[in-house]
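Here's the structure we're looking at; comments come further down.
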Amino acid sequence: MIAHGHPDFNKGGAEIAAYRLYKELRDQGSDAYFLARTQLAPHGGAAFSHRADGREILFHTNMDDGFIFSNVKTRHLWKDFAELLSIVKPDIVHLHHYFLLGVEIFQVIKNVLPNCRVILTLHEYLAICHQHGQMLKTNGKLCYKANARDCNRCFPDFEPGDFLLREHYIKQQFAHVDHFVSPSKFLKQRYVDWGLANEQVHVIENGQLPLDQAPEKRPQNVIKLGYFGQLNPVKGIDVLLKAIGLLEPSVRSKLHLEIHGANFDQQTSDFQRKIKKLIKPIKRHVTFVGSYEPHELTRIMSTMHWAVVPSTWWENSPMVIQEAQANHLPLIVSDIGGMVEKVEHEVNGLTFRVGSPVALAEALTRVIEEPELSEQVRLNIKPPLTIREALAEHLPLYFSA
Amino acid sequence: MPKSLIRKVLRKIRGEKSHQAKDAFINIDFATSASGELILLGWMKKSQLSSTDLQAFDGSIACNAKVFTYSRDDVAAHFDVASTSDVQGFLAIINAKQSSMDKLRLVLGDRTVELSKHRFQVSRTVDQLLNHIGAERSSAVAFLKKHHVELDTAANEHIELKSARPLEPDVEKIKNYVSRINLSKSSWVDDCQREVLPAIQKIWKSRQSSVHAECLTYGRMPENPRCSVVVPLYGRYDFMQFQLSAFSADEAMKDIELIYVLDDPMLDHEVRVTAHGLSQTFSMPFKVVYLDINLGFAGANNQGAAFASSELLLMLNSDILPTRSGWLTDLCKQFDSLNSPGILGATLIYEDESVQHCGMQFTTEPNVPGIYLNHHPYKGVPVALLDLPNARPVLLTTGACMLMRTDLYRELGGFDDRFVIGDFEDSDLCMKFAAKGYQNYVSGTVKLFHLERLSQGLVSGDNWKQKLTFANAAYQHQKWNDSIDTLIDKYDSGWQA
């Protein structure tokens, strides 16, 4: 199992999904290893270091070209990683990324172990889109399809021809992957439209761990909303704060938002200033809690009526949606991409027009004026895939002929 | 910093020492911009060096420069300094505005470097630039974070960086000569042929004869290659990576002898590192011919062709990418099937699948009377709209992709290197084949991407490079004169409906 980060250091959804799958494999007695790329300093020029029990290994490497995710100038992939492969001799390599590791990693695996089965889980639109794989234009508008000339308009430093080169190069490296896994149908469709074979991409949700904490009680006098996850510009926290600002004061007084978000201090100062400015007039209704550990979620979510996912990009399979559904917490989400795949309007949650504070304010007004709505849709929430079920769905990809 | 480059820089310093001994030296290797700041990476030398010695000025106003230093033992080792305290690598954050980029100077002791006149590589992101720091990378990252520089810069304010490529003395002389051409004079062609051409061709020819070529082989070359492919590299050496990846995935490229020619000595070190990594990653074997001076299109191709060992020779540009596997086998088969073929070209398309080239024609332009210029018919038309013949008999096909017999290429003397820097050597070679009775063709069945840059608007009339193009056209005219029209009548039949 290979990831672009170890969850001990990087708490991204992809890293956690990879690590959980690895842990589950080990629990079920598999001869599995976990290799995670790290930016920590190595021992004097070493490519690897040891994390735990001889099976968790950190890979100290970096790309030399962030445009095509290339890593050929150092010996890390074609020599150090190749040597590690010939020691471990895996039958199956399941990668949860190539970002930071180098996209030539698939080629190197097949160079060393021609019969090794290579699986890649796609976690966002990175191969398709240079804008952090978000398919969100640099002017903030949603992007429906990559096109060399349009990409050049987002990134004038790169020629249209450069985007063709990028696409061809990444596809040539992807040719060494036997199966792709997509955690959402939406993401799969984007990759199939881009050129991957439909039958080669399998939709398997990221598996969830069993709940391990006793729930607490929800308050009676206010409707409590939760925002979870990174606080960065594409997560739409600004849309949520604006929506609360638009509410009638009498409505707003019955609402409280808890922000459980990480990495706010790492955002640009412009963004920080903007968010602080939006919070100021409604600060009585907003609590900034900070980051949380995964095991605290059940307790935190059990005190809430709704979770809000106001992302302004497509998303893939946001962890917070699954975590909320595992905890039977209804969701209010933007009506696009990977979010509407899991939340159906007025069935198991509510959706609103992406990026529109007015539409979200209407939804919020509704949940306050109709407090029974939360209980109604809660009954329709289906628990997400467990990690054990997720692994069972992977097994045919690992072992089938 | 490549060793060869350090040596070159050292030679420069030592050369200077004889008449104007300066103590300090600044070298900028890489530059990028992030968070609205200019970020430079390089090394500096000065006796009793301290990190606060390096300063930046916008004209005469001091800019706030924050400097991180790290050890550069490799550079220190090349100087005769016992202590490394005299030489350090630096990472500088400079608060510079776009408008001041032309006036920006770095000052260290008795040394001043104007950024606009310095050659450096532009890194696309800070992260990419940091990769060149080595062991002290993490300290450099901490330094940048401390000064609020975002490592991921895609959404940040951006300063456009242009690395100066100072003209070499030869080219500077050529520029001065061609600047004398006065297109508004009706006698400009005669004047050019009499006064300009002999002078610039003399400079260019003597350069060609002084080159040293070193050929390195990467991987195991095929024993009896079906075709030798010569690809010159200038500036964008990353094209090599895209081609090698594409060729490696194509079974039909297994018996091809691929020869890159690095016609850009400044990139020598980067290309050596990259070529090694690529050969360890991809299966396609290749050679690289390293030239110690820049020869231009004709000279570089001729140098590469000298190492070709198969019967067929393909001259290919580095910004060409196949649209499908098996393309070269098909092109070779088509060549074998044609009647007395000279050069077989390919249909070239842009990334949007519009025509870049499906054959060339001579054209005259009223603003430059008296010469033929090369014209690409149907340029920009969606290729799907054209009913391309399997092989169009033409007089001219572009130098970006030319398949021919190696022995004939050599017999005809290859590309004429009196075309200075590059232009018209392709049409000239086509005419050499035609004059010997061979018919040139353009394949309509083999289509390749040709990723030419977007044009940067109309070039102004006094641009010296455009004048050089006209001078080369005047040379072609002088060389072929009236026989051009005879050749057109006889060999350019493929354009009739």
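The values are calculated or read from the model by the stated rules, or taken from the named source; none is laboratory data. From a predicted model like this one, the values you see are computed outputs, not experimental measurements. Here the Cβ positions follow ideal geometry from the backbone for every residue, glycine too, while neighbour counts run over all protein chains shown. Remember, those area values only see protein heavy atoms, side chains included, never the ligands or the DNA or RNA. Shrake-Rupley method; radii C 1.70, N 1.55, O 1.52, S 1.80 Å.
Amide H contacts of B:C63 (H built 1.01 Å from N, in plane; Pro and chain starts excluded): B:A56, B:F57, B:D58 sit under 5 Å, all sequence-distant by 5 or more or on other chains.
A Förster radius of 30 Å, combined with the Cβ-Cβ distance separating A:V234 from B:A142, puts the computed FRET efficiency at roughly 0.65. Here is the list for region A:143-186: trypsin sites (Lys or Arg not before Pro) lying in DSSP coil, each with at most 11 other C-beta atoms within 10 angstrom of its C-beta, are A:K145.
Sorting B:43-50, A:246-253 by average packing, meaning the other beta carbons within 10 Å per residue, from highest down gives B:43-50, A:246-253. Note on region B:210-492: dipole from Cβ charges, positive end direction compared against B:P341, B:S354, B:F247; the farthest Cα belongs to B:P341.
Here the average projected area of the convex hull drawn through the C-alpha atoms of region A:207-357 stands at 8.9 nm².
Between 0 and 90 degrees, the angle of helix B:197-209 with respect to the longest Cα principal axis of chain B falls at about 70 degrees. Ligands, DNA and RNA left out, the 1.4 Å accessible surface of the protein assembly as shown is 49% carbon and sulfur atoms.
Bridging of B:K432 to aspartates and glutamates at a Cα separation below 16 Å is possible for B:D407, B:E411, B:D416, B:D417, B:D423, B:D482, B:D485, B:D489, B:D492, once same-chain residues fewer than 8 apart are set aside. Note on A:E372 and A:R153: the extension gain reaches 74.1 nm, defined as 0.36 nm multiplied by sequence separation minus the Cα-Cα distance. Taking 15 Å as the cut-off, the amide N atoms of region B:285-308 that come nearer than this to a point 7 Å along the Cα-to-beta-carbon line of B:E214 belong to B:288-294. Taking only the C-alpha atoms of region B:334-417, the Rg (one decimal) and the largest Cα-Cα distance, Dmax (whole number), read 14.7, 42 Å.
Surface exposure of region B:210-492, expressed per residue as accessible area with a 1.4 Å probe, stands at 37 Å². Segment A:D265..A:Q200, full-extension length gain: 19.4 nm, with 0.36 nm per residue of separation and the alpha-carbon distance subtracted.
Length gained on full extension, B:E311 to B:D489, computed as 0.36 nm times the residue gap minus the Cα-Cα distance: 61.1 nm. Shown is the FRET efficiency for B:S325 and A:N221, computed with R0 = 60 Å from the Cβ-Cβ distance and rounded to the nearest 0.05: 0.30. With the simple model of a label 7 Å out from the Cα in the direction of the Cβ, B:A435 to B:K202 spans 2.4 nm. Lysine pair count for region A:110-222 with Cα-Cα distance under 29 Å and sequence separation of 8 or more or different chains is 15. Listed values for region B:253-258 are Karplus-derived 3J(HN,Hα) couplings in whole Hz (6.51 cos²θ - 1.76 cosθ + 1.60, θ = phi - 60°), namely 8, 4, 9, 10, 9, 9, and x replaces Gly and Pro.
Rounded to the nearest 10 degrees, the angle from helix B:137-146 to the longest Cα principal axis of chain B is 70 degrees. Given a 1.4 Å probe, show me the residues in region B:350-376 buried by at least 10 Å² of accessible surface when comparing the whole protein assembly to the chain alone. For region B:350-376, once contacts with the other chains are taken into account, B:E351 lose 10 Å² or more. With all distinct Cα pairs included, what does the Kirkwood hydrodynamic radius of chain A come out to in Å, to one decimal, could you say? By the Kirkwood definition, the hydrodynamic radius is 22.4 Å. Here the alpha carbons of region B:210-492 define both size measures, Rg and Dmax, at 18.2, 53 Å.
DSSP bridge analysis restricted to region B:24-164 gives an antiparallel fraction near 95%, rounded to the nearest 5. Convex hull of alpha carbon positions in region B:187-268: directionally averaged projected area 8.5 nm². With respect to chain B, whose longest principal axis is taken over its alpha-carbon atoms, helix B:327-337 is tilted by about 30°. Our coupling estimate for region B:348-355, obtained by passing each phi through the Karplus curve with A = 6.51, B = -1.76, C = 1.60 and θ = phi - 60°, is 10, 10, 6, 5, 8, 6, 9, 6 Hz, Gly and Pro reported as x.
Along its three principal directions, the equivalent ellipsoid of chain B from the Cα gyration tensor extends over semi-axes of 44, 27, 22 Å, largest first. Need the list of aspartates and glutamates near A:K79 for cross-linking: C-alpha distance under 20 angstrom, and skip anything on the same chain fewer than eight residues off. Correct list for A:K79: A:E56, A:D64, A:D65, A:D91, A:E104, B:E270. Taking Cα centre as origin and charging only the Cβ of basic (Lys, Arg, +1) and acidic (Asp, Glu, -1) residues, the dipole magnitude of region A:252-401 rounds to 760 debye. With θ taken as phi - 60° and the Karplus curve 6.51 cos²θ - 1.76 cosθ + 1.60 applied, the whole-hertz 3J(HN,Hα) list for region A:79-96 is 10, 5, 5, 4, 5, 4, 4, 6, 7, 6, 6, x, 7, 9, 10, 10, 9, 9 Hz, x standing for glycine and proline. Residues whose amide H falls under 5 Å from that of B:Q356, counting only those 5 or more places apart or on a different chain, are B:L348, B:I349, B:Y350, B:G380, with hydrogens built in the peptide plane. Of the Cα atoms belonging to region A:1-96, the radius of gyration and Dmax stand at 13.2, 39 Å. Antiparallel beta bridges, as assigned by DSSP with both residues in region B:210-492, represent about 55 percent of the total such bridges.
So, R0 is 56 Å and r is the distance between the beta-carbons of A:S49 and B:S184; what FRET efficiency does that work out to, to 0.05? Between A:S49 and B:S184 the formula returns 0.20. The mean number of Cβ atoms from other chains found within 10 Å of a Cβ in peptide A:66-79 is 5, as a whole number. Over region A:45-126, what portion of Cα pair distances is larger than 17 Å, expressed as a whole percent? Pairs farther apart than 17 Å: 48 percent.
When GluC sites (Glu not before Pro) are flagged only if DSSP places them in a loop and at most 10 other Cβ atoms lie within 10 Å, the longest unflagged stretch of chain B comes out as B:224-497.
Under Stokes-Einstein, with the Kirkwood radius over Cα pairs as Rh, the value for the protein assembly as shown at 20 °C and 1.002 mPa s is 69 µm²/s. Taking amide H as placed 1.01 Å from N in the peptide plane, the amide H of B:M284 sits under 5 Å from that of B:S248, each at least 5 places away or on another chain. The residues of chain A expose, per residue, 42 Å² of accessible area to a 1.4 Å probe.
Stokes-Einstein diffusion of region B:24-164 at 10 °C, 1.306 mPa s viscosity, Kirkwood radius from Cα pairs, rounded to a whole number: 105 µm²/s.
Here the label points at B:R194 and B:E251, each 7 Å from Cα along the C-beta direction, are separated by 6.5 nm in the simple model. For region A:156-263, GluC sites (Glu not before Pro) are listed when DSSP marks them as loop and at most 13 other Cβ atoms sit within 10 Å of their Cβ; the list is A:E216.
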